[in-house]
Amino acid sequence: MLKICVLVSGGGTNLQAIIDACESGYVDGKVCHVISSSVKAYALERAKRHNIPSSVIRKKDYSSADAYTQAVIDSVAESGAELVIMAGFMSILGDQFVQAFPNRIMNIHPSLIPSFCGKGFYGLHVHEAALARGVKITGATVHFINEVCDGGPIIIQKAIEVLQDDTPESLQLRIMKECEQKILPEAVKLFAEGKLTVEGNIVRRSDR
Ligand code: GRF
């Protein structure tokens with residue numbers, strides 16, 4: 001059974017999707033620890049309800065970015081997790097984090113990478129930018145993280161149509177429900193079954 005550590009900052013709907021996928025048996029795994037960058041994250045409540053241990057690791061409690069990154073690395077290592085998932089984690093971590101768990105950290109991003117991603121593209125900004133550009137499809141991407149912000153090997157993408165009357169909020173909600181909460185558990189399942197291989201910046205799926 002794959003041990004998974006999930007990093008969160010907010011509502012935790014993606015965390016919930018992973019917990020549900022494990023509890024239903026869709027994924028042969030278990031969320032063994034949740035790390036939040038904020039004490040207020042509702043995701044912490046979700047962890048508690050499922051008896052999952054959690055830690056709050058806040059940037060402001062550390063004297064440097066390196067010390068903060070190291071604290072997150074130590075917490076993940078202590079949890080014994082074999083896969084780390086950044087599910088709406090809003091703090092930027094240093095390269096040591098990627099190097100500590102190579103090709104074992106997944107991120108979910110609410111656009112079709114390489115559109116609307118990278119520095120500054122988080123939260124509603126992503127959807128505002130998509131609407132401002134007038135794209136007709138958008139979606140979400142699950143990828144392994146590397147040293148480039150949103151630049152790591154892509155695992156799965158799912159697209160939806162942008163509707164004429166979409167607002168950033170309506171688009172965000174549809175992408176969360178119809179894309180993120182579907183492809184994240186799917187990516188975790190593939191990882192748990194050993195079906196993902198990374199070659200440079202390309203992910204190959206042995207089930208295709
Ligand atoms: C999602 O839109 C995710 O793509 C982004 O942050 C949001 C997290 O939502 N990175 P939640 O905390 O999983 O509900």
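No value in this document is a laboratory result; all are computed from the given coordinates. Keep in mind the model is a prediction, meaning the values are calculated, not measured. Reconstructed Cβ throughout: ideal geometry from the backbone, glycine too, with neighbour counts over all protein chains shown.
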Taking neighbour counts of Cβ atoms within 10 Å as a proxy for exposure, in what order, fewest first, do S115, S37 appear? S115, S37
Regarding the chain, what are the three Cα extents along the principal axes, ordered largest first, in Å? 47, 41, 36
When you have a sec, figure out the Kirkwood radius of region 59-123 from all distinct Cα pair distances and drop it here in Å to one decimal? 13.1
Taking other Cβ within 10 Å of each residue's Cβ, how do V203, V39 sort, fewest first? V39, V203
Given bins 10 angstrom wide, list per bin the percent of all Cα-Cα distances in region 1-112, short to long. 15, 51, 31, 4, 0
Euclidean distance of C-alpha centroids, region 67-107 and region 35-64, integer Å: 14
When the distances between all Cα atoms of region 23-80 are binned every 5 Å from zero, what whole-number percent does each bin get? 4, 18, 23, 22, 17, 10, 4, 2, 0
Remind me, what semi-axes does region 63-185 give for its equivalent ellipsoid, largest first in whole Å, using sqrt of 5 times each Cα gyration tensor eigenvalue? 29, 15, 12
At 222 nm, what helix-only mean residue ellipticity would the chain give, in deg cm²/dmol to the nearest 500, using -39500 (n - 2.57) for each DSSP H run of four or more? -10000 deg cm²/dmol
Pop the C-beta distance of V56 and R208 into the FRET formula with R0 = 41 Å and round what comes out to the nearest 0.05. 0.55
Can you give me the Rg/Rh ratio for region 147-204, using Cα atoms for both radii and the Kirkwood formula for Rh? 1.07
Can you tell me how much longer the chain between K182 and A65 gets when fully stretched, taken as 0.36 nm per residue apart minus their C-alpha distance, in nm with one decimal? 38.8 nm
Placing each pseudo-label 7 Å from Cα in the direction of the beta carbon, R49 and E161 end up separated by a distance in nanometres of 3.3
